[in-house]
Amino acid sequence: MTWDAIVVGAGVIGLTSAIVLAEDGLRVAVWTRDPVGRTTSAVAGGLWWPYRIEPEEQVTTWSVRTLHTLTALARRPAETGVRQVEGVQAGIGTGDLGPWATAVPGLRQGRPDELPDGFAVGLRARVPLVDMPTYLGYLRRRLTAAGGRVEERAVTSLAEAGRAAPLVVNCTGLGARELVPDAGVHPVQGQLVVVENPGVEEWLVAADPHSPDTLYALPQPYGLVLGGTARENAWSLEPDPATAEAIVARCARVHPQVAHARVLAHRVGLRPARSRVRLEREELPGGGACVHNYGHGGAGVTVAWGCAEEAFRLLIGR
């Protein structure tokens with residue numbers, strides 16, 4: 001088959017970019033080295049919330065657009081994996097947030113009795129919480145329904161993709177470090193523990209952007225996701241037992257019942273971080289066009305639809 005566009009990378013950024021192109025009528029193939037279920041996106045916690053991502057002005061536009069889309073998808077949670085869930089962002093006030101916060105319906109300062117022990121301030125909000133394995137399956141089905149295809153194949157250069165189609169979107173995340181090459185992309189390792197949910201219904205996050213250790217508890221259909229870490233330039237994908245033990249201990253200080261919950265899984269992912277997201281167009285050898293769409297750090301699910309639509313405009317010119 002002759003393709004109009006090749007999207008390189010099958011995480012949430014790549015699949016979303018491919019859908020936007022395919023639903024506009026383009027013939028789109030996604031090339032991916034790893035199966036969709038083994039991408040970094042598959043192990044993400046899945047909470048919509050701008051986190052460790054710049055530049056702020058563009059992030060506001062991308063994240064608000066994505067918020068609207070995910071809110072609509074949350075009307076069909078069994079199909080899409082997206083739910084609207086109440087929760088607390090502990091340790092911060094409204095003055096600590098970017099301008100995107102004004103778009104979150106009902107976001108407010110939490111009362112003392114609504115905050116976890118040990119926190120004097122915090123924000124309450126009802127935002128999308130995404131079951132990533134289910135959501136990635138939904139995105140793949142949606143792409144297929146629009147005529148797109150996912151092909152598992154290693155890509156040695158963007159010029160290779162440019163020879164297969166006149167339009168290319170580079171959504172390789174951490175892979176852009178070698179493929180572009182872009183030494184500015186680096187991993188921020190995240191480790192989490194999934195336990196049987198002992199009855200936690202709301203999400204909780206307390207994340208200092210300057211600390212390698214974070215605290216979150218995210219209730220998903222498959223279990224309670226406990227986290228986590230944010231370790232710059234750590235490349236290992238092997239769960240560390242001591243780190244897992246520390247994660248459970250941190251979460252147990254807020255939810256004591258998780259201390260004895262049965263562990264279902266240990267997971268590690270490498271967030272593709274960059275000083276700022278790279279979302280720009282360049283010409284490829286031979287006359288093709290490439291839009292780079294990578295470097296979203298820990299906020300890929302939060303900005304995916306906004307970034308995909310901007311990538312479309314850069315690629316197509318409308």
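The values are calculated or read from the model by the stated rules, or taken from the named source; none is laboratory data. Predicted model, so just to flag it, every value in this text is computed and none were measured. Because the Cβ atoms are built from the backbone with ideal geometry, glycine has one as well, and the counts that use them run over all protein chains shown. Side chains included, ligands, DNA and RNA excluded: accessible areas come from the protein's heavy atoms. Shrake-Rupley method; radii C 1.70, N 1.55, O 1.52, S 1.80 Å.
Between G11, P35, W62, the Cα set farthest toward the positive side of the dipole of the stretch 10-101 (charges on each charged residue's Cβ, about the Cα centre) is that of P35. Rounded to the nearest Hz, the phi-derived 3J(HN,Hα) couplings of the stretch 198-214 under the Karplus curve 6.51 cos²θ - 1.76 cosθ + 1.60 (θ = phi - 60°) are x, x, 7, 10, 10, 7, 9, 9, 9, 10, 8, x, 9, 10, x, 10, 10, where x marks glycine and proline.
A Förster radius of 25 Å, combined with the Cβ-Cβ distance separating R27 from E283, puts the computed FRET efficiency at roughly 0.75.
Any idea what the relative contact order of the stretch 251-318 is, in percent, if you count C-alpha pairs under 8 Å spaced at least 6 apart? Relative contact order of the stretch 251-318: 26 percent. The spread of Cα positions in the stretch 112-172, taken along each principal axis and listed from longest to shortest, comes to 60, 26, 18 Å. Cut-off 10 angstrom, C-alpha nodes, Gaussian network model of the chain. Which of G173, G228, G162 fluctuates the most? Checking each option, the largest mean-square fluctuation is seen for G162.
Given +1 at the Cβ of Lys and Arg, -1 at the Cβ of Asp and Glu and no other charges, the dipole of the chain around its Cα centre is 580 debye to the nearest 20. Spacing of the modelled spin labels on S157 and E114, each 7 Å from Cα toward Cβ, amounts to 5.6 nm. Summing Cβ point charges (Lys, Arg +1; Asp, Glu -1) relative to the Cα centre of the stretch 175-318 gives a dipole of roughly 120 debye.
Explain nothing, just the number: relative contact order of the stretch 104-156, from Cα pairs under 8 Å at least 6 residues apart, as a whole percent.
Relative CO of the stretch 104-156 lands at 27 percent.
Membrane-span-like helices in the chain (whole DSSP H runs, Cα extent of at least 24 Å along the helix axis, mean Kyte-Doolittle hydropathy of at least 0.0): none found. Along the stretch 75-90 the Karplus relation, 6.51 cos²θ - 1.76 cosθ + 1.60 evaluated at θ = phi - 60°, assigns HN-Hα couplings of 6, 10, x, 5, 7, 9, x, 9, 10, 9, 10, 6, x, 10, 9, 8 Hz to successive residues, with x for each Gly and Pro. Considering only A259, G297, P272, the residue lying farthest towards the positive end of the dipole of the stretch 258-318 is A259, judged by Cα position with unit charges set on Cβ. Comparing N233, N170, N293 in a Gaussian network model of the chain (Cα springs below 10 Å), the most mobile by mean-square fluctuation is N233.
List the residues of the stretch 78-116 whose backbone N lies under 19 Å from a point placed 7 Å from the Cα of E57 along the Cα-to-Cβ direction. Only 97-103 fall inside the zone, counting backbone N under 19 Å.
P(r) for the stretch 1-53, please, calculated from all Cα pair distances in 5 Å bins and given in %. Reading upward from the zero bin: 4, 19, 23, 21, 16, 11, 4, 1. Modelled this way, with points 7 Å down the Cα-to-C-beta line, the labels at E245 and T102 are 4.9 nm from one another.
Per residue, the convex hull spanned by the alpha carbons of the chain comes to 123 Å³.
The simple Förster model, with R0 at 25 Å and r as the Cβ-Cβ distance, assigns T2 and A72 a FRET efficiency of 0.15.
Comparing P219, G110, A72 along the charge dipole axis of the chain, the residue lying farthest to the positive side is A72, per the Cβ-charge model.
Based on alpha-carbon atoms only, what is the radius of gyration of the stretch 1-160 relative to the globular estimate 2.2 N^0.38 Å? Compactness ratio reported: 1.20. For the chain, adding -39500 (n - 2.57) for each run of n ≥ 4 DSSP H residues and dividing by the number of residues yields -8500 deg cm²/dmol at 222 nm. Ligands, DNA and RNA are left out, and with a 1.4 angstrom probe the accessible area of the chain is 43 Å² per residue.
About the centre of its Cα atoms, the stretch 97-225 shows a dipole size close to 660 debye [charges on the beta carbon of Lys, Arg (+1) and Asp, Glu (-1) only; nearest 20 debye].
As a fraction of the 1.4 Å probe accessible area of the chain, surface on carbon and sulfur atoms comes out at 51 percent. Here the contact order of the stretch 167-306, divided by its residue count and restricted to Cα pairs under 8 Å and six or more residues apart, works out to 32 percent.
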